[in-house]
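Values quoted throughout were computed directly from the atomic coordinates according to the rules given, and no laboratory measurement underlies them. Just so you know, these numbers come straight off a predicted model, no measurement behind them. Please note: Cβ atoms are built from the backbone with ideal geometry, for glycine as well, and neighbour counts cover all protein chains shown.
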Amino acid sequence: MKIAVIGCGYLGAVHAASMAELGHDVIGIDVDEPKIQSLQQARAPFYEPGFEELLGTSLQSGRLRFSTRMADAAGSSIYFVCVGTPQKRGEYAADLRYVEAAAESLLEVVAPGELVAGKSTVPVGTAARLAEMVSGKVPGAMLAWNPEFLREGFAVQDTLHPDRLVYGLPAGPSADAARALLDEVYAPIVAAGTPQVITDYATAEMVKTAANSFLATKISFINAMAELCEATGADVKLLADAIGHDDRIGRKFLNAGLGFGGGCLPKDIRAFMARAGELGADQALTFLREVDNINMRRRIRMVELAREVCDGSLLGKRVAVLGAAFKPDSDDIRDSPALNVAAQLQLQGAVVQVTDPAAGDNIRRSWPQLDVVETPEQAADRADAVLVLTEWKQYRELDPVAFGQVVKQKRVLDGRNALDRDTWTAAGWSYRALGRRAG
Ligand code: UDX
């Protein structure tokens, strides 16, 4: 099947290579020339385990190519829209300019019987509006909404082995044709028995934002419990284990710590609130404002804790920040809790050295005021405190005995509840974590 993927960022590039892996003839389109060149040369423009290998084999097979010209996409059976929907500057709402630009240039190439399939996360109501545009300009062309749920760090696996396939289909007779095209694209995934949810546009759009809101709420719930643990002397990690044994609750996404960041959860819950407001249903989502507030408070608490362990003042104190990406196995620093904390520490006069296995170049580009070093040992050189803010495996596995040699004060703050407290305290470190008693 001939497929076009419009927008070759994180989602689009992984989707394009994965569809080629499924045996389709895929063209990825993006207006960003350097990005297209990099992809065409089998170089991933972002860090994602397994992606560069997949890109290489797909390009070699001749089933995948990239272009900056929309005209090269003409003749595809399906055009996936994978452009970004960032948060608008100074507002909660999503910025739809890329979706609109993609749709407009797509109208020049789509033909009757072909399908535009949206994958971007959009405010509910967007698909219906785009469908009118498409059928108004090209009668017989169809639109479907087909959200994705991929996680950074697991993007390839999540695309090729998703938990579910969601199709938001047009009302009326074209629904069957649209569904048949999507089923053909995903044939091996459908054959593997992956659950399918066949629905209307609005439900498909909402599945994505509702899922992300639920995940964000789960994280903020346990972080609210962490605040109470700090007030009562209880232990949030054991609390999470204990409630997580109830499989109605489940242990996943109950890791208390610095909270959520990244390019999806924070902006998706805000855009969802903004859209609910436009629809006159803002009351339904006021709890998400609290979810957001709890999340942001964890960052402030982390800085307070650092000040506390540094004898009440950060001025002139050397602080090592281990981990800066918004989560491990990613170089993504969008709305990274770790970087937010690092910047606050610096503003309060600390001498901050940041290190991250993958995000170094991104930090240098976007946060030039921060000092970035290569290794945890360099970051911790003569440090008054070490903060582990993103739980990369290499930090979880640090040897506290050897690592203790480089610091001035053996004080560790575990921002992700990821270290083994007993091993660190046995090596003479004072251990502090969010939601747990000092060790
Ligand atoms: C998320 C959704 O999981 C995914 O389904 C959707 O398609 C895009 O948004 P992603 O942003 O890649 O994926 O990251 P995720 O693994 O969900 O983590 C989000 C943030 O929550 C990270 O900052 C992570 O550190 C934090 N988190 C996660 C916690 O603080 N505690 C947890 O228990 C889990």
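Quick one: what do you get for the stretch 8-56 if you divide its Cα Rg by 2.2 N^0.38 Å?
Details: Rg = 9.8 Å, N = 49, 2.2 N^0.38 = 9.7 Å.
Taking the Cα Rg and dividing by 2.2 N^0.38 Å, one obtains 1.01.
Kirkwood Rh, Cα Rg: Rg to Rh for the chain? The partial results should precede the final answer.
Details: Rg = 23.4 Å, Rh = 23.2 Å.
A ratio of 1.01.
Which shape class, rounded, prolate or oblate, goes with the stretch 15-97 when its Cα gyration tensor gives a ≥ b ≥ c as root eigenvalues, a/c under 1.5 marks rounded, and past that a/b bigger than b/c marks prolate? Before the final figure, lay out the partial values.
Working: a/c = 2.02, a/b = 1.52, b/c = 1.33.
In terms of gyration-tensor shape, prolate.
Could you calculate the contour length gain from Arg297 to Thr232, that is, 0.36 nm times the residue separation minus the distance between their Cα atoms, to one decimal place in nm? Before the final figure, lay out the partial values.
Details: separation 65, 0.36 × 65 = 23.40 nm, distance 1.79 nm.
Extra length from Arg297 to Thr232 when fully extended: 21.6 nm.
Express in whole angstrom the spacing between the alpha-carbon centres of the stretch 226-254 and the stretch 415-439.
When both Cα centres are located, 17 Å separates them.
On a 0 to 90 degree scale, rounded to 10, what angle separates helix 97-106 from the longest Cα axis of the chain?
Helix 97-106 and the main axis of the chain meet at about 30 degrees.
Return the sequence-ordered ³J(HN,Hα) values of the stretch 349-356 in whole Hz as given by the Karplus equation 6.51 cos²θ - 1.76 cosθ + 1.60 applied to θ = phi - 60°, using x for Gly and Pro.
Using θ = phi - 60°, the values come out as x, 6, 9, 9, 10, 9, 9, 7 Hz.
Based on C-alpha coordinates, I'd like the Rg and Dmax of the stretch 209-292, in Å.
For the stretch 209-292, the Cα radius of gyration and maximum Cα-Cα distance read 14.1, 43 Å.
Are there trypsin sites (Lys or Arg not before Pro) in the stretch 88-119 that DSSP puts in a loop and that have at most 14 other Cβ atoms within 10 Å, and which ones? The partial results should precede the final answer.
Details: sites: Lys88, Arg89, Arg97, Lys119; in loops: Lys88, Arg89, Lys119.
Sparse-neighbourhood loop trypsin sites (Lys or Arg not before Pro): Arg89.
Among 42-51, 368-377, what's the highest-first ranking by average C-beta atoms within 10 angstrom per residue? Could the numbers behind the result be given before it?
Values: 42-51: 17.9, 368-377: 15.7.
In descending order of packing, they fall as 42-51, 368-377.
If you count the DSSP beta bridges with both ends in the stretch 62-169, what percent of them are antiparallel, to the nearest 5?
Working: 2 of 10 bridges.
Counting only bridges with both partners in the stretch 62-169, antiparallel ones make up about 20 percent.
Cα atoms only: what Rg and Dmax, in Å, come out for the stretch 2-199?
Both quantities, over Cα of the stretch 2-199: 15.7, 45 Å.
One-quarter of the Cα convex hull surface for the stretch 297-433, in nm²?
6.9
For labels at Ala74 and Ala438 in the simple 7 Å Cα→Cβ model, what's the distance in nm?
Placing both labels 7 Å beyond Cα along the Cβ direction yields 7.1 nm.
With +1 on each Lys and Arg Cβ and -1 on each Asp and Glu Cβ, and nothing else charged, work out how big the dipole of the chain is about its Cα centre, in Debye to the nearest 20.
On the way: 47 positive and 56 negative charges, 204 e Å.
Charge dipole of the chain: 980 debye, to the nearest 20.
Grab the beta carbon distance between Asp247 and Ala211, set R0 = 25 Å, and tell me the FRET efficiency rounded to 0.05. Intermediate values should be presented prior to the final figure.
Working: r = 19 Å, r/R0 = 0.74.
The pair Asp247/Ala211 has a calculated efficiency of 0.85.
Using only the Cα atoms, work out Rg/Rh for the stretch 62-159, with Rh taken as the Kirkwood radius, to two decimals.
Values: Rg = 14.3 Å, Rh = 14.6 Å.
Across the stretch 62-159, the Cα-based Rg/Rh ratio is 0.98.
Tell me which residues come under 5 Å, amide H to amide H, from Leu165 once H is placed; ignore anything under 5 positions away on its chain.
Under 5 Å from the amide H of Leu165: Gln196, Val197.
Please compute the modelled spin-label separation between Arg365 and Arg89, points set 7 Å along Cα→Cβ, answer in nm with one decimal.
Those two pseudo-labels are separated by 1.9 nm.
Run through the DSSP bridge list for the chain and note the antiparallel percent, rounded to the nearest 5. Could you put the intermediate results ahead of the total?
Working: 3 of 47 bridges.
Bridges in the chain are about 5 percent antiparallel.
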